[in-house]
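Just so it is clear, none of the values below were taken in a lab; they were calculated from the coordinates. Quick caveat: nothing in here was measured; it's all calculated off a predicted structure. So basically every Cβ, Gly included, is an ideal-geometry build from the backbone, and we count neighbours across all protein chains shown.
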Amino acid sequence: MATVIFVDTNILYHIIHRTPKTDEALTILEENPGDYIIDTVVHNEIIYASTMHYLEHKHGVKGAYSARKWIKRHGYPKEVIDVVKELIKRLNIRLVPSMYTEEELYKALIEFRLLPSDAIIALTCKHQGIDTILTFDEDFKRVPWLKVVP
């Protein structure tokens, strides 16, 4: 049985957008095979971040306000949706719902000094029994139940 591993948004982003960290992100995946999981937070973040990247580089749209106006006028770019869907399919990533209680969230925000989305990701890992996360975000190193790779 393969190890279940959570994949953070930044790993997927660097693969999709060909950045200076793309090769490192691909190596991390190659060196850590397993059953890859993302939750609804990461799914939302990768679609949003990729849309912002696409709109800035393909249409010169900068900033969240301008992007919202563009999306309301034109809809979400199909190219972005297709790329995200293809990467999830290619890496055989399973999407799970985010899991946490209100009290757990408040505790994680305060105790581990995490942003809300990161706290939800950490708690989802806890609820799903996942102990490894692939991420460039050092903040997850403050979460005692997670092994952070790299």
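What is the dipole size for the chain, taken about its Cα centre, with +1 at each Lys and Arg Cβ and -1 at each Asp and Glu Cβ, in debye to the nearest 20?
Numbers: 19 positive and 21 negative charges, 157 e Å.
So the magnitude is around 760 debye.
How do ARG68, ARG142 line up, fewest other C-beta atoms within 10 Å first?
Working: ARG68 11, ARG142 15.
Ranking ARG68, ARG142 by Cβ neighbours within 10 Å, fewest first, gives ARG68, ARG142.
Among all the aspartates and glutamates, which ones have a C-alpha under 18 Å from LYS126's C-alpha, if same-chain residues fewer than 8 places away are not counted?
List returned: ASP8, ASP35, ASP39, GLU102, GLU103, GLU104, GLU111, ASP118, ASP137, GLU138, ASP139.
As an exercise, use a Förster radius of 35 Å and the Cβ-Cβ distance of ARG94 and ILE71 to find the FRET efficiency, rounded to the nearest 0.05.
Values: r = 27 Å, r/R0 = 0.78.
So the FRET efficiency works out to roughly 0.80.
Return the FRET efficiency for the residue pair ARG142, ASN32: r is the Cβ-Cβ distance, R0 is 30 Å, and the value is rounded to the nearest 0.05.
Numbers: r = 21 Å, r/R0 = 0.69.
Between ARG142 and ASN32 the formula returns 0.90.
If a/c stays under 1.5 just call it rounded; otherwise compare a/b with b/c (prolate if a/b is bigger, oblate if not). Do that for the stretch 32-118, with a ≥ b ≥ c from the square roots of the Cα gyration tensor eigenvalues. Write down the numbers at each step before the final one.
Working: a/c = 2.64, a/b = 1.38, b/c = 1.91.
Here the stretch 32-118 falls in the oblate category.
Going by how many other beta carbons lie within 10 Å of each one, how would you line up MET52, MET1, fewest first? Don't jump to the answer; show the numbers that get you there.
On the way: MET52 17, MET1 5.
In order of increasing Cβ crowding within 10 Å: MET1, MET52.
Fewest first, what order do SER50, SER98 take by the number of other Cβ atoms within 10 Å? All intermediate terms of the calculation are to be shown ahead of the outcome.
Working: SER50 22, SER98 18.
Final ranking by Cβ density, sparse to dense: SER98, SER50.
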